[in-house]
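Okay, structure first, notes after.
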Amino acid sequence: MKRLPVISVLALLLSVSMVDCSKKGGEEYDELYDTTNIVGSVKYIDTLPPGTPLVHPGGLNVTEDFARIDAAIKAKNETILAGLAKLEANSHADSNYNPNPVAKLIRGGKSREEPEPDNYSRAFNDVAAAYQLALRWKISGRDGYARKSIQILNAWAATCKQLSGDPNVFLAAGFYGYQFALAGELMRDYQNWDPKDFKAYQDWMLTVFYPRNHDFLVNHNGSCIDHYWANWDLGNIASVMAIGILTDRRELYNEAVNYLQRGAGNGNIRKAIYYVHKEQGLAQLQESGRDQGHATLVIAMLATICEIAWHQGDDFYGFNDNMFLKASEYNAKYNIAMEDVPWKPYDYKDCDTTIVHSQISEAERGEVRPIYTMIYNHYVKRKGLTAPYTLIGVNRTYPEGGGGDYGPNSGGFDQLGFGTLLYTRP
Amino acid sequence: MKNFIVPAVIGGMILGAAACTKNFLDLKPLDRLNEASYFTTPDQFKFATNDFYEKMISWEPIDGSSIYDFMDFGSDISGYVGQDGQGKYGRGAINVPLDDKYWNNPYAYIRSINIVLKKAESYPGKKDEIKQYVAAAKFFRAWQYFFLLKRFGGVPVITTVPDVGGAELMAPRNSRYEVVDQILADLTDAIAGLPTEQAIPASEKGHVSKWAAEAFKARVLLYEATWRKYTGTSTDFEGSAGPATDQVNSFLTEAVSLAKDVMLNGGYKLWNYNANNSMANRSNYYLFNIDGTGGNPAGLDKTTNTEFILKSMYDLNLRPGSINLSHTVQTRMLPNRKMMDMYLCTDGLPVSKSARFMGYHNVADEYANRDYRMLSYALGSGSVPGEGDIKLDGRLGYTNYKFSAYRYPTYRAMNQESQDYPQIRLAEVYLIYAEALMEKNGAISDAELNSSINLLRARAGIAPLTNALVNDNGLNMLDEIRRERTVELYGECFRYDDLKRWGIAERQLNQDVCGMIVGGASYETDFKVSSKVNPGVDSTTSLYIQKNYENGGVAETSVPTKFGDLKAILLDAGSNRNFKRMHYLYPIPLRQIQLNPNLVQNNEY
């Protein structure tokens, strides 16, 4: 009798493994169809034909931004100066910074896939330095910062040959992919960046990062489509988008734009923002029932993607009746203002099991990331809308710092930050 | 799949065949300990009752419990405004849950206790052999019912071991008065059957003593007497019976005499090593993290502690705390403005009256001439902050170190903190004694104060509380006794219960929650000064980022001080807080009402 459970467990395992074997290989993503089953129509954003040049410098910060910052510094604008002081005080934004590239970038090490330990902190520290130094060069015009920034970027392109690790490697591909691409984009008009080196850098992003990003968005590591939380997709979307801009590959940029609107995974903007509570003008996130650290990261990633796309002429901020504004308000209301928010139960379909989130998660409530200034200035200053809870977030984080200012762990580096300096508009 | 069906079918047939065996259900399992063959020796009763000790909430999470649900985070003296757990409760933001582990757990424990008591009745040996364990079981049954009483008010009193169809499962709620009667009856028996601390051999230390039962009974009596006096029947559920008689005075009288017995005969002593210079008068800090000889600079280990009357015992190797204790108390058990101002000055007077109070100009000032408990809790082993040490960039500006390891994270690392948790300590007995006397007589003599709470004040370096001090300075004796309790028992899971039994919870919890005094042009601090450009106008210094505190455009509010109204950081506006009389009790979890429709929900939920 004791063998009965053993046998039945074995049988169950066998049947499960058979189902697993019968799964088809990854299908190529078809960009023409909305692969989700989201009900309700939406006005999609059209893409331009492959070959259409992208806007440079693109990325998060463009020429107009630096002109505004320059004028504000000259006018001794208190807010901008406070934001600048925050950048200058960051140890990464130092022309004596020493890059520390690795041949094999590991996130998810000491695992079946990768026996060696993690080393991804070297990537997020170095790319934060490259980005911050690029900002200092753009703002001060001093060559030393630019030289250091491209030294870091060149060193990584020359040294790093592959990404490795358990499934977490796709987080590295996404998060450090978009950050390296944006740092490179910021430096692309630096006259002393040897064109050969810049080309090598573009190639590095295309060969080491992009294939991982693309693979994840198509295959999701062989998992069922809803297994991976929104942030996994969002990091990879941001990376594909930014690499597309850096390398002038419109088809990559289009891939990101299409996935964001029509993709099957949780990074589809209408899945990442799970439900709009219309009456209250608030929108619940796919990760709101998980924990607030991750929910807040969704806001950070969507803001990054929206701002990048905005500079290419695509308005994802306004997508689906400003749904992202409502998501930011929701997240700030709950985490910053500490007020109650409405809830619609969410079924997290983790393959064979469904976990019902019957209430918003209290875990990590109060999570603060330097993200709200970017969002606030778009909706309120560019668009003339109101964002009272996002404003509280702006104040709470004032002046916003960046990687290195929010602890030594990866969460403090997931977003590039410095919103007070970079996005405050008069 | 076929592989599965065949054995399943065969298995089913075998099961069916086995079910035909006569008395199948009456068989005793032979391969493990079981109720049917257990409980035949005194040791077996001891082992069974040993299990009840860990069911008192303490560091280690048992059955999903968390001490953080009880450490007064988010109360009227807390600077933690996170909206989780108790933070939510303090704001009156709780809903009826489907389940509540703090309903399910105590009832599961009570069932185990009832099994032991039932088995004791049929114990074949001499009853005297198991007297101590029967008494302990009754103590813990009282403990669990008191836990339920505090949370839910009246609950079904179950003293039997219900079967699956037992009538007990459909029982309506007993009134709080009946629950209290049950608790007191159990404690009377417990006191009669438990050994004194002195009679418990060294190898058995940690077991509950007669003194512990007396102290606990005094706690229950004071709790219930004051609840009835101030909160009355206002929280009783619909249809609840009232008190059979007015027991307030008899409860207070008994509380006084029990407390006095423990004080005189218990042999417990306040842990005061302030005479040792290396302790820097911080006994009130080190008492709560004694753990090996490295828990304090004097090398004092747990054997030096005779203040704890009943404790949950921990040990780095045998039973580490296994929660992130130091970090959590440092970031959540935070004091707010009210708490920081509640500590007396060394002359025994409050900051609003004492000439020794130095104010808030420099961040060090408010620590001068103050209660050692303020230094102990807020600074731990650290020194008073100096100019520029406190930066207000969204942080509170105060920390808490009570219960935090001495040299965290070196001695002890995260999750390794293994100090004992005080379930009952002598300091509380002094406080019960003084408060119960005051409540009973409306007066208390200097001698009575000297034999109780003035011993706490001596350890804290402040002048004794006397009738002269009260009269000469326009103080209120009851308020001062309550203040003493608030200060001494800070963070020890009493504050919410105290506010509720004093009937003042809604008034106290719904006030503005404030942080540091920032002052302004007319009262300069590290954070705000008079503008150099426009003298007389407030100007923030580089140590203060006002925006980081803005909520709806408001970062500060005025608080009354000895120096007039001063600006302080507003952490949570009173208008956001909505604690009501209904919240004195938690709601009965929904599933229990579904299972037993005779359970009446608490008022207004």
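The values are calculated or read from the model by the stated rules, or taken from the named source; none is laboratory data. These figures come from a predicted structure and were not determined experimentally. No Cβ is skipped: glycine too gets one built from the backbone with ideal geometry, and neighbour counts run over all protein chains shown. Just so you know, the surface numbers come from the protein's heavy atoms only, side chains and all, with ligands and any DNA or RNA stripped out. Shrake-Rupley method; radii C 1.70, N 1.55, O 1.52, S 1.80 Å.
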Per-residue average of other protein chain Cβ atoms inside 10 Å, peptide B:547-553 -> 6
accessible surface per residue for the protein assembly as shown, probe 1.4 Å, DNA/RNA/ligands not counted, whole Å² -> 40
Sites removed, the longest contiguous part of chain A containing no DSSP-loop GluC sites (Glu not before Pro) with at most 14 other Cβ within 10 Å is A:114-278
Sorted by chain and number, the residues with a modelled amide H under 5 Å from that of B:Lys528, at a separation of 5 or more or across chains, are B:Thr541
With DSSP loop assignment and no more than 10 other C-beta atoms within 10 Å, the trypsin sites (Lys or Arg not before Pro) in the range B:530-605 are B:Lys532
Sorted on mean Cβ neighbours within 10 Å (highest first), peptides A:404-412, A:175-183 come out as A:175-183, A:404-412
Computed over the range B:511-581, the relative contact order (Cα-Cα under 8 Å, seq sep at least six) in percent reads 36
Here the relative contact order (percent) of the range A:254-402, from C-alpha pairs under 8 Å and at least 6 apart, is 23
Listed by chain and number, the lysines with an alpha carbon less than 24 angstrom from that of B:Lys119, same-chain partners under 8 positions apart left out, are B:Lys28, B:Lys46, B:Lys55, B:Lys127, B:Lys131, B:Lys138, B:Lys210
Cα-Cα longer than 28 Å, checked against A:Lys326/B:Lys88; A:Lys383/B:Lys88; A:Lys74/B:Lys567; A:Lys333/B:Lys580, kept in input order, equals A:Lys383/B:Lys88; A:Lys74/B:Lys567
Taking Cα atoms only, helix A:195-204 is inclined relative to the longest principal axis of chain A by an angle, in degrees rounded to 10, of 20
At the level of C-alpha centres, the distance separating the range B:507-557 and the range A:186-210, in angstrom, is 49
If the label point sits 7 Å along Cα→Cβ of A:Ser121, residues of the range B:321-353 with amide N under 15 Å come out as none
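Expected output is a single nm value to one decimal: the length gained when fully extending between A:Gln191 and A:Asn221, i.e. 0.36 nm times separation in residues minus the C-alpha distance. What is it?
That pair, A:Gln191 and A:Asn221, stretches by 6.8 nm at full extension.
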Under a 1.4 Å probe, counting only protein heavy atoms, B:Asp365 has an accessible area in Å², nearest 10, of 30
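Please report the relative contact order for chain A, taking Cα pairs under 8 Å with a sequence separation of at least 6, and give it as a percent rounded to a whole number.
Numbers: 768 pairs, mean separation 78.0, N = 426.
Rounded, it is 18 percent for chain A.
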A convex hull over the alpha carbons of the range B:511-581 yields, per residue, a volume in Å³ of 95
Taking Cα atoms, the helix B:248-265 axis meets the longest principal axis of chain B at an angle in degrees (rounded to 10) of 90
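Between B:Ser575 and B:Val533, what length comes free when the chain is fully extended (0.36 nm per residue of separation minus the Cα-Cα distance, one decimal in nm)?
Result: 11.5 nm gained on full extension.
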Taking only the alpha-carbon atoms of the range A:216-319, the convex hull volume per residue, in cubic angstrom, is 96
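Can you give the convex hull volume of the alpha carbon atoms of the protein assembly as shown per residue, in Å³?
Hull volume over Cα atoms, normalised by residue count, gives 201 Å³.
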Rounded to the nearest 10 degrees, the helix A:3-22 long axis (Cα) sits at an angle to the longest Cα principal axis of chain A of 50
Longest chain A segment clear of trypsin sites (Lys or Arg not before Pro) sitting in DSSP loops (not H, G, I, E or B) with at most 10 other Cβ atoms within 10 Å runs A:113-277
For the range A:57-423, the percent of accessible surface on carbon and sulfur atoms (probe 1.4 angstrom, ligands and nucleic acids excluded) is 47
Counting every C-alpha pair in chain A, the percent lying more than 26 Å apart is 54
Per the 1/(1 + (r/R0)^6) rule, R0 = 41 Å and r from the Cβ atoms of B:Ala199 and B:Asn441, FRET efficiency to 0.05 is 0.75
Between B:Asp572 and residues 5 or more places away or on another chain, the pairs with built amide H atoms under 5 Å apart involve B:Val513
